[in-house]
1. Given the pairs Lys357/Lys736; Lys550/Lys646; Lys370/Lys706; Lys302/Lys535; Lys645/Lys712; Lys342/Lys499, which are separated by over 28 angstrom at their Cα positions?
2. How do the peptides 358-366, 549-557 rank, highest first, by the average count of neighbouring beta carbon atoms within 10 Å per residue?
3. Going by the alpha-carbon gyration tensor, a ≥ b ≥ c the square roots of its eigenvalues, is the range 314-424 rounded (a/c under 1.5) or, if a/c is not under 1.5, prolate (a/b greater than b/c) versus oblate?
4. Please work out the FRET efficiency for the pair Ile368 and Asp551, using the Cβ-Cβ distance as r and a Förster radius of 45 Å; give the result to the nearest 0.05.
5. By counting other Cβ atoms within 10 Å of each Cβ, how are Thr133, Thr734, Thr108, Thr148 ranked from fewest to most?
6. What is the helix-to-structure angle for 93-111, meaning the angle in degrees between its Cα long axis and the longest Cα principal axis of the chain, kept from 0 to 90 and rounded to the nearest 10?
7. Leaving out same-chain residues fewer than 8 places away, which aspartates and glutamates sit with a Cα under 16 Å from that of Lys494?
8. Taking the number of other C-beta atoms within 10 Å as the exposure measure, put Asp452, Asp74 in order starting with the fewest.
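Coordinate-derived values only; no laboratory data. The shown structure was predicted, so the numbers you read here are calculated from the model rather than taken from an experiment. As a convention, Cβ positions derive from the backbone with ideal geometry for all residues, glycine included, and neighbour counts pool all protein chains shown.
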Amino acid sequence: MKEKIIPVIIVILILSGLYLTSLYSYLLFHNIAELFSIIVACGIFMIAWNSRKYIKNEYLIFIAIAYLFIAGLDLLHTLSYKGMQIFNDYDYYANQLWIAARYLESATLLFAFTFIVQKKFSIKISLVFIIYTLITGIMIASIFYWKTFPICFVDGTGLTPFKKISEYIICTILVLDLILLYKYRQSFEKEVFSLLILSIFFTIVSELAFTFYISNYGFSNLIGHYFKIFSFYSIYKAIIQTGIVKPYDLIFRELVVKEKNLIDATKAADSANQAKSDFLANMSHELRTPLNGILGYAQILKRERDLKESIANGLDIIDISGRHLLNLINEILDLSKIEARKMELIKSNFLFSEFLKAIIQIIQIKTIEKGTDFYAELAIDLPRIIFGDEKRLNQILLNLLGNAAKFTETGTVYFRVWDAGKNDPMWKPSAANSRLIHFEVEDSGPGIAQNDIAEIFSPFKQVGKNKYKQEGSGLGLPITRQLVTLMGGELKVKSFLEKGSTFWFEIEVPEGSDINEFDLYSYNSITGYTGERKKIMIVDDNYHNRNVLKDILLPLDFEIDEAQDGNDCLNKVFNFCPDIIFMDIFMPNMNGFEAAEEIRKSNKLNTVKIIACSASVSLSHQEILPNRGLDDFITKPIELNELLKKMEYHLNITWIIDNPKEDKPNIKSDNEPSDIPPLEEIQKLNKLASGGDITGIRKHLDQLEKENHSYKKFINEIKKLAQTFQIRQIKILTQKYMDTVTHE
Ligand code: ADP
């Protein structure tokens, strides 16, 4: 309400002020009133001109241009008004200019309908300017120069018949305008239409007022000017409405609609993403469950010492293929986890040098097989222990180095690691013990075309003409890049076709401390554990999964009981009193979470450790562990090293490794030549094993084999261990040979 009253009060005040001015000096009133309409007319033009892109109504654009010329005539009319003393040569200019302007105005309003009637008739702005310049020019010349324009008003006598007739003609044209406007009202917005009607109506009233006066300073002249102001102002409002308010409304309306669409689309994408994640998690669960059986039994069977070579090879193939499949499933899941922002880093302290050594050994094997040179350049001042996600860093480096080794046919692969923080005075560590480690993988392989560099980080993209496409999935680099980002770094690449590629990144890692010496167990070498016999309960609805765990653990002398779901577990667990429970999570009847909660509630088994054991990767450590009564989490397929490490920790036992008697080479068991190489050769192998030099060991074995075929049995035994990087085992075994030889 207030919003409407204030403008009305302002208008009344202005009009009253104008009236008071007219009492003081009519000339002043006239000048103000005319100037006001001139300014409004110029405003009409300026607004229409600047917003012509949004004004879809050509009728209005045409009128707006015409009003600029009408304003010109009105300005001349004001300047030549009696009393202004500017044009003193002739008495009639002001009224002539007025009539000329009004003819132009009414004719403009009439002609403008052409643009509505003839929709195809589009406005040519320059042509409109030319025509109006010509018409106004001729009018001005006929008034000022040729003086042929009829006289309109004679002082003392009053209006001439020409003026009066003209005002009636103008009014008639304006009435015609009104009729046409009404007829074509559909072409205008409701508010614009009302304003135009008002404007024409005010012009008619104004013109009629001008037919009455007998003096240029009379009352009807005053009324006429008031209505002229109203009329111009209405057109001005119509232009504002069309050129500014409506486009903004339109833009905002479109923005609001677009925003809503965006929100809807985001919601749809989110739920689609969720559906995708759920599907992938379920699918992976289904795929990983049988893989647990395949990989588990491959490992158990490989434990047999006297396997025929063909069977051992077959088992290796099952193991390698199963791992390849598992890797692929893991990669797809990693990607979906990253996309769903569910990927989390699991950090711990680990021995950095051992970690790098293990990676180097794996890549060495690959490059030696291909005949590519491989150099690892590790700075000597690298931290001994770092705190980070060992598994993910391993994944990153193996992917980059694996690619370099895979794509480089002949040439060199370099792996460089150094402390970049030390060399960069600008680097500010976020904690006192932080180090900035630079990792770099360079190869002299085929390189990547500049156009393809962005592509290689897109999932499933494999570029260039390489024969290794089948070997990969195109998922490695996208995951690697995201993991590096998650660690706070940025994966960078520089590559030139035919020259090679360099991938590098830097991450800040805290220097770790307090670590029990990192050690990898070899399942084959564990024979038991220290202390009392421990009881283990395996809870899993899948019979094969229970058997895998049982077969792994029974030979290590555990007492084992099984349950096929949560209910079954609760029925048995309080009698059996296990030390550790391996609890599957998703089971019918009662799931693993519920069973664990029930066990914890009972207070009867206070010391039992419950280890969740699931093939589902949609569960994260953070989701699983707290407040659920669970002590730890291992994923299926079960990784033996992980299992053994966790058991040692939770059961507080120490594995008894190796039985010297068992591991003594059974020299006479078969027909294979089974001579043992001389002591110094075995010592060499032992030394290489102590230095972790798996490549050296392989080379030395090849050389020994060439020298003497009778060492075959011995060589094969060590080779088998070398194939699976069991350096520690090689060391133990060679030590035993050395002991045997010296004792004999
Ligand atoms: P994958 O190796 O499984 O195909 P990646 O995501 O690891 O998938 O790599 C994507 C693609 O990037 C590769 O297929 C290859 O075309 C290109 N690429 C990656 N690393 C190298 C490299 N060191 N030299 C040449 N091309 C590379």
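1. Lys645/Lys712; Lys342/Lys499
2. Values: 358-366: 18.6, 549-557: 16.4.
Those peptides, ordered most packed to least, come out 358-366, 549-557.
3. Oblate shape, in that a/c is at least 1.5 and b/c is the bigger or equal ratio.
4. After rounding to 0.05, the efficiency reads 0.85.
5. Details: Thr133 12, Thr734 24, Thr108 20, Thr148 8.
Listing Thr133, Thr734, Thr108, Thr148 from fewest to most nearby Cβ atoms yields Thr148, Thr133, Thr108, Thr734.
6. 50
7. Reachable aspartates and glutamates: Glu440, Glu442, Asp443, Asp452, Glu455, Glu506.
8. Values: Asp452 15, Asp74 25.
Neighbour counts put them in this order, fewest first: Asp452, Asp74.
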